[in-house]
Each structure stands twice: as structure tokens, then as C-alpha cells.
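> First the structure, then my questions, so here it is.
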Amino acid sequence: MINISTNYYESSHMFHGNMSIIMGTRLDVILLGQEKYRLEAAWNRMQEEVIRLDKMLNRFDPESEIYVLNQTASHNPAKVNDELWHILLHCKQYYTLTEGYFDISLKDYSRVVLEQATQTVLFDIPDIYLDLGGYAKGYALNKMREILQQEGITQALINFGNSSVLGIGSHPYGDCWSVGIDNPYCPGEILGEVQLKDSAMSTSGNMPSHPQHIVNPMTHEYITEHKLVTIIASDAVDAEVLSTVLMAADTEQAERIKQRFTIDYSRIFILPG
């Protein structure tokens, strides 16, 4: 069950909304503006949008479209809606640009047949399951950015559990939004602080609660290193994808892949433990 709470602080013209669990983590949103009704309207649209996307892209939800696709496409061509079709094409582009290191098939995305004429998907080898976990939060951030633009809100911070964050405009007492990068192996320790202004941050890595959750698509083995990768880019999906890719790619590959994207910051933290 999703718990949702909101507060508006009149003295600072700040709205705070949060969802206890969505897309596998907590969502916190800070919106700034003097018109409370506009901030509330934007929040309502944002929460509806992220719930809609989670319902479509969560492969563990039997009612989601991606779940149905995974159950069907190994046997028969599965038709998908326009939005999911464009997402799968987008993921195919990332698969190419990252030399196969961004692979939502968990096996070999080149064996996922996207038939343009019928807008259908077919897996031509067994045991493929599409997983958009390294894409969905970035996509959701971009969609919520569009809502803010439509509502005329120019200062906001959208934070998925400090791992996927979008800063629009600036903090009321500064020229950007500052976000700390937590050390998951040492609670309370901040590895670094980044500044966001009309940009997104994504951090990927292993942690004590999830020590093996990122698969190297080349070896099909879990990445076990204690490290984090942080990327800042204007496009939230670029940041999300690259933070996952650089967990697996070696130094030479990583540098070559990064040259194909416009990013503002990248850093790999090697952690003891």
C-alpha cells in the first residue's frame, strides 16, 4: 500500500509531497511557489503519473503491461501500446550506444524482435524477461519535469530515495540544489555532494541490503564489487542508463561510451567492505 502525505509551508512558499513506496523506493517532491493551488495541482498530476508508469513498467506486477509482455512474447508476437513501444525502441538505441552494456532483456536484447509494421514484440530465444529497472525512474523524472513546465513551476526537487534525483531551478537559499551521496556501507557517511540545476543525478551500486542486484550483460554474472557510480546529466534517462552501464564496463569501455553522451559529471566510488 502506498502512503501519501503532503505539507505546504506558507512562510517559505514550499510544498512537500511524498509517497512511501513507488518504483521500489520512496519519492519526495519539493515544489516552490506562491500559489498553493498550482503546487497542489502539479503534485496531484505527478503522483498520478508515477503510479501510472509503475503500473505499466513493473515487471513483478501481474497486471502490468511489461509483465504480460514477458509472459507472451516468448511464444507469440505481443502487441504493445504506443508509449511502451517507443520506450522499447529507446532502449534499443541505448543498447547500441553502450555497446550492449545497457540490456533490459537480462540476456541479449539483439534477440528481441521489434516489428514496426505491427508494433509487436517477439523474443526469439527462451528465458528473456524485459526489466526496465535501470530506465523507469529516469523516464518518470523526465515526465514529471514536463508536468512542472506545463504548470509553470520553475523551482523543484524530485527525489527517488537519493538514487535518482532531478533538480529544477534552484533552492530558495542558493543557486542550485545540493544532494549528498550516501555511503551505504557506513550509515551517516557522505561520500560527496553534488549540485543540481536543471539537471538529474543517478547513482547505481551495491549495498548491504542488495549486494547482488546488477547483472553484467556480457558475463551474465552479478556485479559483486562494493562501488557506486554517480552520473549527472540534463536528461534523466541518460543519467539513469549510464550509472548502470558504468557499473559493468571497464575503464576503457566506460570512457568510450561516455563520449557518446552529454554529461556534466561522473564519478566511481570504490568502497571498502
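> Show the residue pairs that are 6+ apart or on different chains and have beta-carbon atoms under 6 Å apart, the first residue being within the stretch 107-121 and under 17 Å from residue 72 (Cα atoms), the second being acidic (Asp, Glu).
109/103; 111/124; 113/124
> Mind telling me which of the residues 170, 163 ends up being in contact (Cβ under 8 Å) with a residue 12 or more places away in the chain, touching a Lys or Arg at 6+ places or on another chain (Cβ under 7 Å) and either of a type in the set (S, T, N, Q) or farther than 30 Å from residue 34 by Cβ (or both)?
Matching residue, one of 170, 163: 170.
> May I ask you to list the residues in the stretch 78-101 that are closer than 28 Å to residue 219 by Cα and part of a loop (DSSP other than H, G, I, E, B)?
Answer for the stretch 78-101, where residues must be closer than 28 Å to residue 219 by Cα and part of a loop (DSSP other than H, G, I, E, B): 98, 99, 100, 101.
> Moving to a separate point now. Name every residue in the stretch 5-29 that is hydrophobic (A, V, I, L, M, F, W, C) and either surrounded by 21 or more Cβ atoms within 10 Å (Cβ to Cβ) or without any contact (Cβ under 8 Å) to a residue 60 or more places away in the chain (or both), in order of residue number.
15, 19, 21, 22, 23, 27, 29
> When only residues in the stretch 184-199 that are over 19 Å from the mean Cα position of the chain (by Cα) and at pLDDT 90 or above count, which is farthest from residue 142 (Cα to Cα)?
189
> Scan the stretch 228-241 residue by residue and report those that are closer than 18 Å to residue 191 by Cβ and either touching a helix residue (DSSP H, G or I) at 6+ places or on another chain (Cβ under 7 Å) or assigned to a helix (DSSP H, G or I) (or both).
Those that are closer than 18 Å to residue 191 by Cβ and either touching a helix residue (DSSP H, G or I) at 6+ places or on another chain (Cβ under 7 Å) or assigned to a helix (DSSP H, G or I) (or both): 229, 230, 231, 232, 239.
> Scan the stretch 196-227 residue by residue and report those that are free of Cβ contacts under 8 Å to residues at least 24 places away in the same chain, outside any loop (DSSP other than H, G, I, E, B) and surrounded by 15 or more Cβ atoms within 10 Å (Cβ to Cβ).
207
> From (1) buried (at least 17 other Cβ atoms within 10 Å of the Cβ); (2) not in a loop (DSSP other than H, G, I, E, B); (3) not polar (S, T, N, Q), pick out the condition that doesn't hold for residue 192.
Unmet for residue 192, out of (1) buried (at least 17 other Cβ atoms within 10 Å of the Cβ); (2) not in a loop (DSSP other than H, G, I, E, B); (3) not polar (S, T, N, Q): (1).
> Let me ask something else about it. Could you name every one of the strands (runs of 3 or more DSSP E) located completely within the stretch 122-186 that has at least 2 residues being touching a helix residue (DSSP H, G or I) at 6+ places or on another chain (Cβ under 9 Å) and buried (at least 19 other Cβ atoms within 10 Å of the Cβ)?
156-160, 164-168
> With respect to residue 115, determine if the residue is among the acidic types (Asp, Glu), farther than 25 Å from residue 54 by Cβ and modelled with pLDDT under 95.
So residue 115 does not fit the description; no.
> Could you please find all residues in the stretch 246-257 being in a helix (DSSP H, G or I) and over 9 Å from residue 231 (Cβ atoms)?
247, 248, 251, 252, 253, 254, 255, 256, 257
The values are calculated or read from the model by the stated rules, or taken from the named source; none is laboratory data. Quick caveat, the model's predicted, so the values are computed rather than measured. For neighbour counting, all protein chains shown are included, and Cβ atoms are generated from backbone atoms with ideal geometry for every residue, glycine included.
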